[in-house]
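Chemist: I'd like to ask some things about the structure below.
What follows draws every value from the coordinates through simple rules; no lab data is involved. Bear in mind that the values here come from a model prediction, so they are computed numbers and not experimental data. Neighbour counts are summed over all protein chains in view; Cβ atoms, including those assigned to glycine, are modelled from backbone coordinates with ideal geometry.
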Amino acid sequence: MITSLGISGFRGIKNCRIDDLSEISLFIGRNNSGKSSILEALYLASAAFNETAPISGYATKIDYLLNRRCERNLRWNTGQETLWPNYETKIPIKIELNLNQEKLEMSLFNWHHHPLLRLSTSLMEKLASTRTSIPILELPHMNHVCLLDGSLANLKYQTFSGIPWASLSEMLDEDLKGKFYQIRSFMDGLSFVDSSLIHRMENVEKALWNRLLKERLDKLVTSVLKQGYDVDIEDLTYVPSGDTYQLAVKLPKTTIRMDDLGDGARYATVLVMMAALAKDTALLIEEPESHQHPGGLVKTLNMLLSLAKQNHIQIFASTHSVEFIKIAGEIADEKNVRVKIFFLERDKEGNVEARSMSPEDASVLEKLGLDARFLDIM
Amino acid sequence: MPFIYLKTGKIIPFIENEKLRAIILCEGKGDAEILKDIVEKLDVPSRGNVAVTDCGGISMISEMADSVARVARISKALKKIAVMVDANDQTFEQRIEAFKNSLKDHGVNTDYVQEITESLHVVKGERIDIAIKIAGVMNLPFAKHTIEDHTVQLLMLEGKIKHGQLRKANSAKEIIQSKEFGDIIGTADEENVKRSFKNIIELLKTTTN
């Protein structure tokens with residue numbers, strides 16, 4: 001589990017530090033307070049361990065982040081500056097995480113296309129002495145390694161080369177290897193979910209459906225659609241669509257394509273599918289309340305939190321909804337899952353401060369007539 | 001807009017993004033309304049925005065102290081939290097002591113306390129002060145003392161009820177509720193309001209300065 005995070009120089013965030021993250025961490029605050037940027041920073045950090053983003057429809061996580069807010073077909077070479085504050089790319093983006101009691105530091109430099117992991121000097125020395133043939137980044141005070149294979153031909157610093165994970169893992173002693181394996185696995189599985197995915201159901205189906213069906217986890221989707229969205233669903237199936245097939249819902253008298261369900265039902269389907277297949281990792285969810293009637297939201301959240309508990313999934317979500325906070329707090333309480341709410345405030349310089357509170361705190365504020373989303377006034 | 005009344009169902013006051021300097025928590029809606037009447041009658045000035053709200057009729061000291069402790073912990077801009085509690089069947093001293101102990105149970109440091117009056121103490125904190133005001137007029141012949149005691153006192157000063165009538169009632173609430181006095185504070189003489197609500201005005205001064 002990620003217990004704390006630090007971000008510097010990413011999007012609109014100059015500096016941000018959040019401690020005591022929980023099994024479920026909800027980010028609230030005014031527009032432009034940094035909620036989405038924090039989710040994106042976590043996703044960016046995960047790119048150091050696995051750069052692919054199959055569900056998003058983009059080749060890499062970086063490409064997805066470059067286009068997530070506005071699809072302009074940006075690529076690393078044409079739009080990298082959008083990831084930096086004020087488009088100033090000289091200072092590397094830094095993300096620091098405490099994960100499984102291990103401090104991880106990642107940096108994204110303007111001359112490299114995905115984040116590099118910073119290792120301790122002693123570990124770097126060990127690496128250098130063990131495999132002297134493997135070049136490492138030879139910049140003063142920068143003990144970074146690239147965990148991923150990739151084309152490094154155009155790198156500014158030719159002395160630096162990627163170290164495939166397997167090679168790095170081999171070089172670490174057993175204890176560290178075990179811990180690093182867990183960290184890598186956690187970060188590797190980290191996924192970003194937002195409501196734009198409901199317009200990319202084809203990607204979702206391609207990436208997840210076979211795995212879901214194999215373990216018959218499709219029943220979970222059926223159950224949520226039936227209970228929360230008033231869909232008289234009997235089963236899920238595939239129907240021809242042009243020269244391909246697409247996911248469809250079997251109703252008593254007809255079959256309709258998943259694409260033709262309402263937005264809320266499709267977002268719930270995506271959330272449940274992703275949570276059903278995730279294990280020992282984290283889900284980053286932007287505005288889970290999007291398109292949701294409270295009735296559907298309760299059923300979806302119920303399923304989501306059950307899966308989160310069962311599959312050890314840490315959830316980070318941004319929200320503008322007091323209703324969502326309340327429902328999440330109540331369901332989490334029933335399931336004995338810890339929830340923390342972080343109210344974010346960004347000053348003019350871009351420093352983001354987080355105030356933490358429990359769902360009970362938010363409930364007390366509400367009873368007093370104070371809205372947790374306006375915490376900046378007090 | 002120095003005084004902001006919460007629980008009006010309006011969201012606009014929050015949109016303005018003006019920081020609150022203080023918040024006053026009353027036990028129930030009626031207590032907050034009396035406070036509002038006093039503020040309007042006397043045109044009480046304030047150095048900053050002060051929110052006035054109620055705890056939904058909670059009379060349990062522990063629950064109110066819990067609310068105060070949570071607000072104190074979460075807030076950043078607030079300089080003062082004031083809480084107004086009825087004395088009920090306790091003395092001012094007993095009630096204040098009970099509240100302080102409850103605050104302590106909820107993690108508030110109560111080592112430094114300033115006694116403003118017998119019924120108004122301020123727990124001094126590094127970042128935020130918590131004023132505890134106990135409402136009630138002890139020399140009125142009621143078994144339980146509440147904020148309505150002050151209103152009864154005002155009615156007596158205004159000549160609208162006589163002392164002898166008080167003996168028939170168990171509490172000031174009975175007197176206030178049994179008769180239609182209309183806008184008691186709004187129509188009363190300003191000096192009489194100042195005299196009968198002296199201690200509550202002291203709380204407002206302490207909170208707004």
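Chemist: Give me the log10 of I(q) over I(0) for region B:86-168 at q = 0.15 Å⁻¹, as the Debye formula computes it from C-alpha points; what are the numbers?
Modeler: Result of the Debye calculation: -0.61.
Chemist: Per Stokes-Einstein, at 20 °C and 1.002 mPa s, what whole-number D in µm² s⁻¹ belongs to region B:33-125, with the Kirkwood radius over Cα pairs as the hydrodynamic radius?
Modeler: Estimated via Stokes-Einstein, D reaches 148 µm²/s.
Chemist: Helix B:148-157 sits at what angle to the longest principal axis of chain B, using alpha carbons and giving 0 to 90 degrees rounded to 10?
Modeler: The angle comes out near 40 degrees.
Chemist: Averaged over its residues, how many other protein chain Cβ atoms are within 10 Å of peptide B:48-55's Cβ atoms?
Modeler: Taking the mean over all residues of the peptide, I get 2.
Chemist: Oh, and also: If you count, for each residue, the other Cβ atoms within 10 Å and average over each peptide, how do B:151-162, A:104-115, A:35-46, B:186-197 line up from highest to lowest?
Modeler: Top to bottom by mean Cβ count within 10 Å: A:35-46, A:104-115, B:151-162, B:186-197.
Chemist: Taking every residue in A:353-366, how many Cβ atoms of other protein chains lie within 10 Å of its Cβ, on average?
Modeler: 3
Chemist: Return the long-range amide H neighbours of B:D129 (sequence gap of 5 or more, or a different chain), with a cut-off of under 5 Å between placed amide H atoms.
Modeler: B:K80, B:I81
Chemist: Cα axis of helix B:61-74 to longest principal axis of chain B: angle in degrees, 0 to 90, nearest 10?
Modeler: 40 degrees
Chemist: Turning to a different aspect of this structure: What percent of all Cα-Cα pairs in region A:266-328 falls in each 10 Å bin, counting up from 0?
Modeler: Here the calculated profile for region A:266-328 is 23, 60, 17.
Chemist: Take peptide B:71-79, look around each residue's Cβ out to 10 angstrom, count Cβ atoms belonging to other protein chains, and average those counts.
Modeler: 5
Chemist: For A:K179 paired with A:D235, estimate the spin-label separation in nm (one decimal), with each label point 7 Å from Cα along the Cα-to-Cβ line.
Modeler: Distance between the two pseudo-spin positions: 5.0 nm.
Chemist: Can you report the principal axis dimensions of chain B using only the alpha carbons, biggest first, rounded to whole angstrom?
Modeler: Extents along the principal axes: 49, 36, 27 Å.
Chemist: Enumerate the amide H contacts of B:L20 below 5 Å, restricted to partners 5 or more residues apart or on another chain; note that Pro and chain-start residues carry no placed amide H.
Modeler: A:M378
Chemist: By average Cβ neighbour count within 10 Å, what is the ranking of A:256-267, B:72-83, B:106-117 from highest down?
Modeler: Peptide ranking by packing, descending: B:72-83, A:256-267, B:106-117.
Chemist: Another question about this same structure. Highest mean first, how do A:193-202, B:18-27 rank when packing is the count of other Cβ atoms within 10 Å averaged over residues?
Modeler: Going from most to least packed, we get B:18-27, A:193-202.
Chemist: Region A:277-376: D in µm²/s via Stokes-Einstein (Kirkwood Rh, Cα pairs, 10 °C, 1.306 mPa s)?
Modeler: Diffusion coefficient, whole number: 110 µm²/s.
Chemist: Report the rotationally averaged projected area of the protein assembly as shown based on its alpha-carbon convex hull, in square nanometres.
Modeler: That works out to 33.8 nm², a quarter of the Cα hull's surface.
Chemist: Dividing the convex hull volume of the Cα atoms of region A:224-348 by its residue count, what figure in Å³ per residue is obtained?
Modeler: Cα-based convex hull of region A:224-348, divided per residue, equals 143 Å³.
Chemist: Taking amide H atoms as placed 1.01 Å from N in the peptide plane, list the residues 5 or more away in sequence, or in a different chain, whose amide H sits under 5 Å from that of B:S46.
Modeler: none
Chemist: Also: What is the Cα centroid distance between region A:242-308 and region A:330-348, reported in whole angstrom?
Modeler: Taking the Cα centre of each part, region A:242-308 and region A:330-348 sit 22 Å apart.
Chemist: Within chain A, what percent of beta bridges assigned by DSSP are antiparallel, to the nearest 5?
Modeler: Here the share of antiparallel DSSP bridges comes out near 65 percent.
Chemist: At a Förster radius of 22 Å, what calculated FRET efficiency corresponds to the Cβ-Cβ distance of B:K205 and B:E126, to the nearest 0.05?
Modeler: Efficiency for this residue pair is about 0.45.
Chemist: For the pair B:E115/A:N15, report the inter-label distance in nm, with labels modelled 7 Å from Cα in the Cβ direction.
Modeler: 4.6 nm
Chemist: Let me ask something else about it. Given R₀ = 30 Å, FRET efficiency for A:N32-A:E215 by Cβ-Cβ distance, to 0.05?
Modeler: FRET efficiency, A:N32 to A:E215: 0.15.
Chemist: Between B:S62 and B:Q94, 0.36 nm times their residue separation minus their Cα-Cα distance comes to what?
Modeler: 10.1 nm
Chemist: Additional query: Quick one: grab Rg to one decimal and Dmax as a whole number for region A:29-114, Cα atoms only, in Å.
Modeler: Rg then Dmax for region A:29-114, in Å: 13.0, 39.
Chemist: If you restrict to DSSP beta bridges whose two residues both lie in region A:247-378, what percentage is antiparallel, to the nearest 5?
Modeler: Antiparallel bridges make up about 60 percent of those DSSP assigns within region A:247-378.
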